[in-house]
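The values are calculated or read from the model by the stated rules, or taken from the named source; none is laboratory data. These numbers were taken from a predicted model, which means no experiment stands behind them. All Cβ positions, glycine included, derive from the backbone under ideal geometry; neighbour counts span all protein chains shown. For accessibility, only protein heavy atoms count, side chains too; no ligands or nucleic acids. Shrake-Rupley method; radii C 1.70, N 1.55, O 1.52, S 1.80 Å.
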Amino acid sequence: MLLDLLHWLVQPATLAARRLGHAGDSVRLASRSRRCRAAWAPHLAAAKDAVRAAMADLPRRETAVVLGAGLLDDVPIDALAAAFRQVVLVDAVHPWRGRWRARRHANVVRLTFDLSGTADLRLGRGETFGPVLPPVCREADLVISANLLSQLPILPVARLEAAGRLGAFTDPDAFGQRIVAAHLAALADLSARICLVTDRDETEEDRDGRPIARLDLLYGIDPGPAPRSWDWVLAPFGEEARDRRLVHRVSAWPDWRPPA
Ligand SMILES: C[S@@+](CC[C@H](N)C(=O)[O-])C[C@H]1O[C@@H](n2cnc3c(N)ncnc32)[C@H](O)[C@@H]1O
């Protein structure tokens, strides 16, 4: 707890990212990923593998963009930096661990951007959604959405629930659904190859593997049939509760297209 507080204080985050809760979330993600290293290893390896598959036969390799780059736990940054002239890492916060992992690559740049399009709404500076992708995505050859999609609605929906209203938005589920849909619509509109990796639902299980609760992390939005899927033990027994664990179903599309 105290370590997390210190980590938050030295986190290289903007004032807006601190006010909006992204800095705190990034600290908690880093702590959990350290604690759950063994449980997360197969998931991180599978996610990296999907990105490698997306790069494999790409004819033009000028610019790759990583959305939700974060700690770079699930992104093969060395392979990307070697393959592309430029790699742009996009996140609300670029924590020290991600910076450290990319430190050797002069062609890796960082961009701080709110990918939910709701920062102004949440800061009381606007009445509606802002852009959900930075302009660099338009000129990219590969855009990777790296375990980001399910995360996008979390803080905005919590803010709406606490405030009761954000701009014209009052229904948390409709708001969450709109954020998820906006990300997929913006990706679908790009000419780049899209590599989409996302968790889709969460199951809480007891020690006998019985499901206790299930949660649709994408608010009913279906990105389509996935060529790759796996389970990610997000919280093994003992992490959140002694006799309960949280398992996320993850899907990956090395070459995602919107469902017809
Ligand atoms: C579960 S992590 C993804 C894992 C990440 N690829 C890694 O290897 O650490 C989700 C990432 O999305 C970022 N994120 C969440 N909401 C965001 C937003 N509105 N705008 C930009 N980034 C956001 C978080 O800061 C975090 O780094």
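For region 27-48, the candidate set comprises residues that are among the charged types (D, E, K, R) and touching a residue at least 60 places away in the same chain (Cβ under 8 Å); within that set, the residue that is nearest to the ligand (Cβ to nearest atom) is R32. The combined condition, being out of contact with any Ser or Thr (no Cβ under 6 Å at 6 or more places or on another chain), open to solvent by 20 Å² or more (accessible area, probe 1.4 Å) and more than 8 Å from the ligand (Cβ to nearest atom), is not fulfilled by A64. Taking every residue in region 2-26 that is hydroxyl-bearing (S, T, Y) and pairing it with any residue that is more than 9 Å from the ligand (Cβ to nearest atom), at least 6 positions away or on another chain, the pairs with Cβ-Cβ distances below 7 Å are S26/Q11.
Residues in region 82-97 that are away from the ligand (no atom under 13 Å from the Cβ) and free of Cβ contacts under 8 Å to residues at least 40 places away in the same chain were compared, and the one that is least open to solvent (accessible area, probe 1.4 Å) is V87. Scanning region 139-171 for residues that are within 16 Å of the ligand (Cβ to nearest atom), of a type in the set (G, A, S) and not in a loop (DSSP other than H, G, I, E, B) yields a total of 3. Among the residues here, L72 does not qualify as surrounded by 23 or more Cβ atoms within 10 Å (Cβ to Cβ) and more than 21 Å from L152 (Cα to Cα). Where helices (runs of 4 or more DSSP H) fall entirely within region 21-134, those with at least 3 residues that are under 23 Å from L184 (Cα atoms) and hydrophobic (A, V, I, L, M, F, W, C) are at 37-56.
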